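The values are calculated or read from the model by the stated rules, or taken from the named source; none is laboratory data. Keep in mind the model is a prediction, meaning the values are calculated, not measured. A quick note on method: Cβ atoms are made from the backbone with ideal geometry, for glycine too, and the neighbour counts reach across all protein chains shown.
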Amino acid sequence: MANDRRPENMERITTAALADRFIEEQIAALRQQIGDKKVLLALSGGVDSSVVAALLIKAVGKQLTCVHVNHGLLRKGEPEQVVSVFRDQMKANLVYVDATDRFLDKLAGVADPERKRKIIGAEFIEVFAEEARKLDGVSFLAQGTIWPDILESERGIKAHHNAGGLPEDLNFELVEPVKILFKDEVRMVGKQLGLPDGMVYRQPFPGPGLGVRCTGAITRDRLEAVRESDAVLREEFEKNGLAGKVWQYFTIVPDYKTTGVKDDKRTFEWPVVIRAVNTRDAMTATVENVPFELLQHITARITSEVKGVNRVLFDLTPKPSATIEWE
Ligand code: XMP
């Protein structure tokens with residue numbers, strides 16, 4: 001069995017050799033814990049669950065089933081990347097569920113941010129539980145819990161977001177192979193497990209995804225504007241060396257329109273807001289000083305490439321007074 005708590009004297013995993021040693025020890029521990037039984041994992045494509053998946057694939061191969069729920073609020077290219085990395089390259093058992101319509105139908109007309117979060121969280125559990133019930137003889141549920149999650153839930157800062165809320169008939173034993181690691185260590189381990197950099201060095205992405213960046217009641221066309229503008233921003237930040245430097249950057253599309261002009265005609269379309277912030281712990285944040293020429297270039301791209309958008313703004317507000325997300 002793996003350690004339950006991070007040993008006080010544990011050396012920080014900062015080198016490939018230390019990561020390799022951790023991987024070897026975990027594979028042995030996982031094999032001992034799981035034996036010949038089956039394991040289930042909700043694979044979001046985020047760093048933590050991806051590293052857990054890669055570890056389990058190495059340890060128990062096809063005894064693992066990964067379920068990737070696409071709630072329709074993921075960034076452009078994410079579901080495709082999960083399928084290509086885990087099903088095609090790592091040969092994992094991967095169940096891909098496109099639940100976009102279910103989520104967007106439930107969210108239709110719901111403008112309150114906290115209600116939106118609750119609906120997304122509850123629906124996620126519902127979809128995952130349905131998939132779990134379709135599988136026979138699963139004994140274990142793997143989770144990408146990491147050490148800060150445990151510390152934060154102990155201190156009452158954050159409800160333990162992982163296991164939370166699976167129905168009682170799904171009575172799994174937990175497998176949490178990275179729960180004594182800090183985030184930078186999880187990334188190091190992921191790199192050594194051969195995960196692509198785009199997955200290992202991903203910026204943080206909230207569970208409710210683009211849903212809280214399409215403010216107010218979500219509509220499919222405005223959600224598409226969030227997804228497409230986010231893709232342009234990420235592409236430009238990568239091209240211009242900001243991707244590895246800025247902590248979190250994304251776009252928001254508010255639920256109102258402003259007047260513009262295109263091809264000599266009046267338009268009435270949405271603005272896109274760009275947010276780019278740096279922080280250590282997300283409790284406070286400062287705004288990245290993005291070069292003005294780059295902002296102008298991104299503005300030109302977004303207004304010409306993203307449907308329904310005629311205006312681009314840059315959010316200059318640190319946290320506090322603003323939060324990082326817009327809702
Ligand atoms: P705020 O907006 O509170 O965000 O300044 C701080 C960090 O938390 C992320 N965030 C979330 N992550 N579920 C998540 O998993 C959420 O509901 C959620 N809301 C905000 C946000 O992206 C930022 O990194």
* Please work out if ILE157 is at pLDDT 95 or above and either within 14 Å of the ligand (Cβ to nearest atom) or crowded, with 18+ Cβ neighbours inside 10 Å (or both). => no
* Asked: Mind checking which residues of segment 207-230 are under 15 Å from ALA276 (Cα atoms) and touching an Asp or Glu at 6+ places or on another chain (Cβ under 9 Å)?
  -> ARG213, SER229
* To do: Tally the residues that are within 16 Å of the ligand (Cβ to nearest atom) and farther than 12 Å from PRO271 by Cβ, restricting the search to segment 286-325.
  => 13
* **Tally, over segment 49-81, of residues that are buried (at least 24 other Cβ atoms within 10 Å of the Cβ), outside any helix (DSSP H, G or I) and touching a Leu at 6+ places or on another chain (Cβ under 6 Å)** => 4
* Are there any pairs with C-beta distances below 9 angstrom linking a residue in segment 304-326 that is in a strand (DSSP E or B) to a residue that is within 16 Å of the ligand (Cβ to nearest atom) and at pLDDT below 95, with the two at least 6 apart or on different chains, and if so which? -> LYS319/ALA282; LYS319/MET283
* Filter result (more than 16 Å from the ligand (Cβ to nearest atom), assigned to a helix (DSSP H, G or I) and not β-branched (Val, Ile, Thr)) within segment 91-117 -> ASP101, ARG102, LEU104, ASP105, LYS106
* Structure fact -> Apart from one, (1) modelled with pLDDT of 95 or more; (2) within 13 Å of the ligand (Cβ to nearest atom) all hold for MET283; the odd one out is (1)
